[in-house]
Amino acid sequence: MSKYFGTDGFRGEANVDLNIEHAVKIGRFLGWYYSQDHKGRIVLGKDTRRSSYMFEDAICAGLTASGADVYLLHVTTTPSVSYIANVEKFDCGIMISASHNPFSDNGIKLLNSEGEKMEDEVIDLVEKYLDGEPAELPYATGEKIGAVIDYSAGRNRYIGHLISLATSSYRNIRVGLDCSNGSTWQMAKNIFETLGAETYVTANHPDGLNVNQGCGSTHIENLQRFVKENHLDIGFAFDGDADRCMAVDEHGEVVDGDKIMYLCARYMQTRGTLGDSKVVTTIMSNIGLYKALDQLGIGYEKTAVGDKYVYENMKANGHLIGGEQSGHIIFTQHAHTGDGLLTAIKVMQAVTEVKRSLSELVEDITIYPQVLKNARVTDKDAALNDPDVQAEISAVTAKLGGDGRILVRKSGTEPVLRVMVEAGDLETCEKNVDAVLEVMKKKGLLLGIK
């Protein structure tokens with residue numbers, strides 16, 4: 001685990017954990033790093049948070065002071081920065097966003113020239129510079145000082161790319177869009193209306209302080225209510241930077257990332273486009289997804305938690321679809337990162353071509369009840385590897401058999417063990433999670449439940 005950058009960028013409370021000095025230095029280093037043998041070209045986007053404008057200015061100052069040219073996409077999505085960085089061969093892409101976090105947080109995401117998450121070796125160099133190594137970098141002077149260039153055309157090219165992927169008209173389909181007061185607040189409506197949908201939009205009035213506030217993919221109840229109140233056929237909710245998508249069917253029922261992966265993989269299988277590709281999930285995907293894929297004869301692989309690990313597996317093995325329960329879905333034929341708008345278009349492709357409702361497309365997958373509790377412990381490794389704790393985990397595994405599972409994993413950022421059980425009913429989940437926690441308590445390993 002890096003000191004500043006996690007699996008999805010440098011993130012924290014604006015001007016507390018992440019401040020403008022960090023932003024300037026990140027810009028200074030990347031501008032210098034990519035301008036040593038040519039004029040560096042870097043594409044930059046941001047979401048709607050109030051602090052995003054501040055960080056945009058700070059990063060631009062650092063980049064241009066080191067000699068790089070900066071191309072501004074302005075308010076846009078993370079996947080659009082990824083797409084433009086790749087197709088137009090920028091040296092790198094930068095996105096200012098804290099994704100699904102509250103407005104008070106922000107983040108800096110770094111993408112390489114392929115639109116993929118930045119290589120660890122470059123991140124390591126950025127972090128060393130943040131900690132003062134090297135102490136100084138040369139400033140560009142004269143004509144070598146970088147320029148800031150308005151590049152809204154790049155955003156428009158991305159929108160055109162998405163529209164081109166739709167294979168059917170959305171005419172006579174009533175679609176709800178929850179834009180989370182974030183990056184899709186204008187983009188989503190334009191795309192769906194261009195494709196013919198009768199479009200209804202909520203959470204599309206950002207004020208810099210309301211991103212993800214009671215809306216978007218992390219507050220799906222807003223879209224559920226919106227779909228039912230307006231008698232819509234389908235709904236999609238995005239997060240602040242639109243790298244996630246959750247769906248709601250015509251009855252107001254949630255179709256999460258696991259169900260989306262199932263229906264898209266099934267659609268690809270019936271169309272003969274899946275081939276030998278497997279569905280790549282994290283270890284947190286629901287057991288119901290695996291059982292449903294088994295019924296279809298579709299293989300799957302599991303990675304550590306984080307879309308970064310999902311993509312690495314997909315790229316290494318040539319898999320076409322993968323993602324997370326949270327709605328972070330990756331289609332490697334079209335993107336190098338999760339893309340909420342692309343996911344919505346892929347779901348619409350199945351709905352329009354199969355000519356069945358969303359609820360019908362997912363009726364054959366049963367999501368198992370899941371209980372997850374966060375145990376604050378004195379020592380994560382000691383608690384997880386304690387013989388009595390391991391014995392109880394084994395006992396629960398045997399008890400659940402093939403009708404459930406237990407997963408105990410370490411938090412990457414806190415002194416916490418996450419204990420999760422899936423089973424046929426909530427009572428069984430609760431009882432077995434508590435059994436493991438009780439052993440931790442008796443051994444003096446448990447400080448509390450978070």
Site residue 2, offset 7 angstrom along Cα→Cβ, radius 16 Å on amide nitrogen, limited to segment 8-46, gives 8-12, 18-19, 22-34
Segment 370-449: C-alpha gyration tensor shape, a/c 1.5 cut-off, then a/b vs b/c:
prolate
Non-local residues with an amide H under 5 Å from the amide H of residue 255, with H modelled 1.01 Å from N and Pro and chain starts lacking one, are 247, 248, 249
Determine, for each peptide in 148-157, 303-312, the mean count of other beta carbons within 10 angstrom over its residues, then list the peptides with the highest first.
303-312, 148-157
Can you name the helices of the chain, as whole DSSP H runs, whose Cα span along the helix axis is 18 Å or more and whose Kyte-Doolittle mean is not below -1.0?
20-33, 50-65, 152-165, 257-271, 340-354, 387-400, 426-442
Placing +1 on each Lys and Arg Cβ and -1 on each Asp and Glu Cβ in segment 342-387, then taking the dipole about the Cα centre, the residue among 387, 343, 372 whose Cα reaches farthest towards the positive end is 343
Treating only the Cβ atoms of Lys and Arg (+1) and Asp and Glu (-1) as charged, compute the dipole magnitude of segment 327-450 about its Cα centre; round to the nearest 20 debye.
360
Contour minus Cα-Cα span, residue 163 to residue 17, at 0.36 nm per residue, comes to 48.7 nm
What nm value, rounded to one decimal, do you get for the distance between residue 385 and residue 221 when each label is placed 7 Å out toward the C-beta?
4.2
Work out from phi, with θ = phi - 60° and the Karplus expression 6.51 cos²θ - 1.76 cosθ + 1.60, the ³J(HN,Hα) of each residue of segment 236-245, listed in order in whole Hz, and give x for Gly and Pro.
10, 10, 10, 9, x, 10, 6, 8, 10, 8
Looking at the square roots a ≥ b ≥ c of the eigenvalues of the Cα gyration tensor of segment 13-118, which shape do they give, rounded for a/c under 1.5, prolate if a/b is larger than b/c, or oblate?
oblate
If you line up the Cα atoms of segment 166-361 on their principal axes, what length do they span on each, largest first, in Å?
42, 36, 27
Residue 449 versus residue 128: modelled label distance in nm, points set 7 Å from Cα along the beta carbon direction
4.7
Once percent of Cα pairs over 32 Å apart is worked out from the coordinates, which option in (i) 52; (ii) 36; (iii) 42 does it equal?
(iii)
Size of electric dipole in the chain: Cβ of Lys, Arg +1 and of Asp, Glu -1, about Cα centre, debye, nearest 20
280
A chain fully extended from residue 434 to residue 190 at 0.36 nm per residue, minus the present Cα-Cα distance, gains in nm 83.0 nm
Using amide H atoms built in the peptide plane, which far-off residues or other-chain residues are under 5 Å from residue 330 H to H?
322, 323
Roughly how many debye, to the nearest 20, is the charge dipole of segment 269-352 about its Cα centre, given +1 on each Lys and Arg Cβ, -1 on each Asp and Glu Cβ, and no other charges?
100
Subtracting the Cα-Cα distance from 0.36 nm times the residue separation, let me have the gained length for residue 441 to residue 378 in nm, one decimal.
21.6 nm
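Every read-out reported here was derived from the displayed coordinates using simple, explicitly stated rules and does not represent laboratory data. What you are looking at is a predicted structure, and each value in this text was computed from that prediction instead of being measured. Using ideal geometry, Cβ is built from the backbone for each residue, glycine included, and neighbour counts are taken over all protein chains shown.
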